[in-house]
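Nothing in this text is a laboratory measurement; each read-out follows from the coordinates by a stated rule. This is a predicted model, so every value here is computed, not measured. Using ideal geometry, Cβ is built from the backbone for each residue, glycine included, and neighbour counts are taken over all protein chains shown.
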Amino acid sequence: MNPLLSLDSPMYSAWLTYRRRKSTPFYPRFLVVENGVGETAATELREGLFNLLGARPVLVPEDPGSGDGVVVDGDPSASVQAGGYRIQYERNDGRWLARITGHDALGCLYGSFAFLSQLQQRQDLSVPFIVEDWPRMSLRMLDHWDNLDGTIERGYAGSSIFFRDGMIDPDPSRLTDYARLVASIGINAVCINNVNVHEPETRFLAPPYLERLRSVANRFRAYGLHLYLSVNFASPMILGGLLTADPLDPTVAMWWQTTAERVYSYIPNFGGFVVKADSEFRPGPFTYGRSHVDGASVIANALAPFHGTVVWRCFVYNAQQDWRDKKIDRARAAYEFFQPLDGRFPSNVFLQVKNGPMDFQVREPVSPLMGALPKTSLLMEVQITQEYTGQQRDLFYLVPFWKEVLDFTILGHGEATTVGHRLMQVGPDEMRSGMVGVANVGDDPDWTGHPLAQANLYGFGRLAWNPQLSEPEITREWVARTFGWDILVNKTLETMLTASGQIYEAYTAPLGVGWMVNPGHHYGPNVDGYEYSQWGTYHYADSQGMGVDRTRTTGTGYVAQYQQPWRDIFESPATCPESLLLFFHHVPYTHRLQSGKTVIQHIYDSHFEGAANVDWLISQWDLLKGHIDIAVWNRVFQRLQQQRVNAREWCDVVTTYFWRKSGIPDRRGRLFY
Ligand code: GCU
């Protein structure tokens, strides 16, 4: 066995690293796990308690009446929500008892993980306590963009853990380790293949593949994870040999029904299908002059008898835009396609909306669709994998960024609410909601390529569990659970993570304008890389100024998609948040920011500061040498060196580009090329 893929290896065990506590008043000798709760909770508790407390409790059918112990049982009144639990730790007849009561079997598992997390986080065991918690969103999903050949679209942590050389061929123990890792943060659904479903993956719905998928689903089931698959809208043709995939054609409907029956005969707890249709050249209902309601319905109706769901992506736009045509605005597309369809989808369809209107940029406004689908089950999609945020070479902690999105105010049923609240909504007519994260996981020994990128996976799960958790709370938890207790490590890492996003933002595309990356792979600077392309992602820089005018009065009108007060706030450069200034407005380089600086001077300053701050990150990391595992230290150190080169490149390219374009000198006389 590869020693790096062992739970004894610090970054492999990730936040489930259970270090022995120095002394403990609680020394559980027995463990009672009620019937029906499942073996997983018992296994996790026995292993975890041994590692944390040195006690290996004996599994017994009932409380023997003496000695410390843990009792796990199910009781629907323990929490109002499925997956919820109560942990009661108390002194009873001179002994300590921990009772973990789940609303259901899943609640028992989550409660067990939470209890271990309490012990890991130095919960005082000499006093009684009660903890109650439950998942706030119904679907908490990871989407892997993995292909059957083992590659991962936008993957930065090695190859797929599910597929190898054209086979569904996961290492069974790694699969279980993955399942426990993500279940421990409350994930309950995993889509294992790329939203871009190519010919080989289209065949997953056929028996030889379903046989293999069944074994994946079985391993997932032990940890409460439902398997989902991305499917090709044209499957009835490619796989079924039909002449059409028209959703209103009865033979197509029949094909989806038969297919759903087949899938469920192999995998009874199958979650459902994820569909990218009419998006970036994927097939969809538009080919037949049908709507997305028609397209989603034919698949949803086939899944409904089995309680399966369709996750239908709203990332639909014209990917063949003429850059000369300034009236088209890609940012408007998703809203224009989907807002009119609100309330028209079957109840087992979720609409999956990206957090911003464009595409996972470092800075984007919140998608106006978040507040415009009150009658539809809604999922917010974020990218944990760092396509545009440093590709797991540059450090970028995404939790602060997601918190901003979740805390953004929208109108829900006429009242002000937040995106987070909207996603917590379990409404009438079986409306549900949740979050989807494009996974940052591969087969690297540390799962995420950059050891500190694990914090993003952790933070995603925690926010999907409860979007009201604060950033410092999540950061503190992750650092302590992963690295243990060393005040220097804890404080330094918390500071580095919190600052990392702003540092990256400072040396890349300025003031919300986006892109400026190398086409294709999207790493490193290329200011005009997409400026004259078909993708609709422009900055419009000329000798006078830059930015995209999306106002109602003179621009593309995109701001009109927002509810008040945002519509007015974004409309004027005077009130528009400066971090988004160039997303909404085309301004002269001499436009003054609140700091008193001009836009051009801000570009110069922020880029030099951003690059210098990478040196600061390195100096912080240097402090930790000797305080954390040397292999982990070296790995991060090496990544930070790459980040330094990348930041320097960004700084020099962007500052030189705008100096040449504008002819305006730097007030501080720094070197341009
Ligand atoms: C981005 C990404 C693609 C991906 C697409 C999507 O554009 O670069 O790789 O397929 O998003 O979300 O569908």
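Shape class for the chain, computed from the alpha carbon gyration tensor (a ≥ b ≥ c): oblate, with a/c not under 1.5 and a/b at or below b/c.
Assign one of three labels to the stretch 10-133, namely rounded, prolate or oblate, based on the Cα gyration tensor with a ≥ b ≥ c the square roots of its eigenvalues; rounded applies when a/c is under 1.5, prolate when it is not and a/b is larger than b/c, and oblate otherwise. Taking the square roots of the gyration eigenvalues as a ≥ b ≥ c, the stretch 10-133 is rounded.
What are the chymotrypsin sites (Phe, Trp or Tyr not before Pro) within the stretch 1-52 that DSSP puts in a loop, where the Cβ has at most 11 other Cβ atoms within 10 Å?
Answer by residue number: there is no such site.
Put in order of Cβ neighbour count within 10 Å, fewest first, the listed residues K22, K625 become K22, K625.
Computed from the C-beta positions of Q468 and S77, the FRET efficiency with R₀ = 25 Å rounds to 0.60. Close amide H partners of I410, meaning residues 5 or more places away or on another chain with modelled amide H under 5 Å apart, are T417, T418, V419.
Available extension along the chain between L623 and E132 is 173.0 nm, counting 0.36 nm per residue and deducting the alpha carbon span. Summary value for the stretch 10-133: 26 percent relative contact order, contacts being C-alpha pairs under 8 angstrom separated by 6+ residues.
Just how many % of Cα pairs in the stretch 207-334 lie over 27 Å apart, if you round to the nearest whole percent? Counting pairs separated by more than 27 Å, the tail of P(r) holds 27 percent. Between N518 and T656, the contour length at 0.36 nm per residue exceeds the alpha carbon distance by 48.0 nm. Among beta bridges from DSSP that stay inside the stretch 10-133, the antiparallel ones total about 50%. May I ask you to list the lysines whose Cα is less than 20 Å away from that of K375, ignoring any residue fewer than eight positions away on the same chain? In chain and number order, the partners are K354. Considering only beta bridges that DSSP places wholly inside the chain, some 35 percent are antiparallel.
For the stretch 305-356 and the stretch 215-274, write down the distance between their C-alpha centroids in whole Å. Cα centroid to Cα centroid, the span is 21 Å.
For the stretch 139-483, relative contact order (Cα pairs under 8 Å, six or more residues apart, normalised by length) works out to 18 percent. Note on the stretch 333-477: antiparallel DSSP beta bridges, both residues inside, total approximately 25 percent of the bridges counted. Note on the chain: helix-only mean residue ellipticity at 222 nm, from DSSP H runs of 4+ residues weighted -39500 (n - 2.57) and normalised by residue number, equals -11000 deg cm²/dmol.
Listed values for the stretch 317-328 are Karplus-derived 3J(HN,Hα) couplings in whole Hz (6.51 cos²θ - 1.76 cosθ + 1.60, θ = phi - 60°), namely 7, 7, 8, 10, 6, 8, 4, 6, 8, 7, 7, 6, and x replaces Gly and Pro. Counting neighbouring beta carbons within 10 Å and listing from fewest to most, the residues C191, C108 come out as C191, C108. Would you list which aspartates and glutamates come within 14 Å of K326, measuring only between C-alpha atoms, while excluding same-chain residues fewer than 8 positions from it? Here the aspartates and glutamates satisfying the reach criterion relative to K326 are E531, D549.
So what is the relative contact order of the chain, in percent, for Cα pairs below 8 Å that sit 6 or more residues apart? Don't jump to the answer; show the numbers that get you there.
On the way: 1372 pairs, mean separation 75.7, N = 673.
In percent, rounded to a whole number, it is 11.
Computed from phi, the 3J(HN,Hα) profile of the stretch 289-306 under the Karplus parametrisation 6.51, -1.76, 1.60 (θ = phi - 60°) reads x, 9, 8, 5, 5, 4, x, 5, 5, 5, 7, 4, 5, 5, 7, 3, x, 9 Hz, with x in place of Gly and Pro.
Proximity of backbone amide H atoms, modeled 1.01 Å from N, is registered between R56 and no other residue at under 5 Å, excluding neighbours fewer than 5 places apart on the same chain. Within 10 Å of each candidate Cβ there may be at most 12 other Cβ atoms; applying that plus a DSSP loop requirement, which chymotrypsin sites (Phe, Trp or Tyr not before Pro) in the stretch 498-591 survive? Sites meeting the loop and neighbour criteria: Y532.
How long is the gain from V645 to I328 if the chain were fully straight, where each residue apart is worth 0.36 nm and the alpha carbon distance is subtracted?
110.5 nm is the gain from fully extending V645 to I328.
Amide H to amide H distances under 5 Å link M546 with V587, Y589, where only residues 5 or more positions off or on other chains count and H is placed in the peptide plane. Using the Karplus relation 6.51 cos²θ - 1.76 cosθ + 1.60 with θ = phi - 60°, the per-residue 3J(HN,Hα) values for the stretch 437-447 come to x, 6, 5, 10, 9, x, 8, 4, x, 9, 6 Hz, with x marking Gly and Pro.
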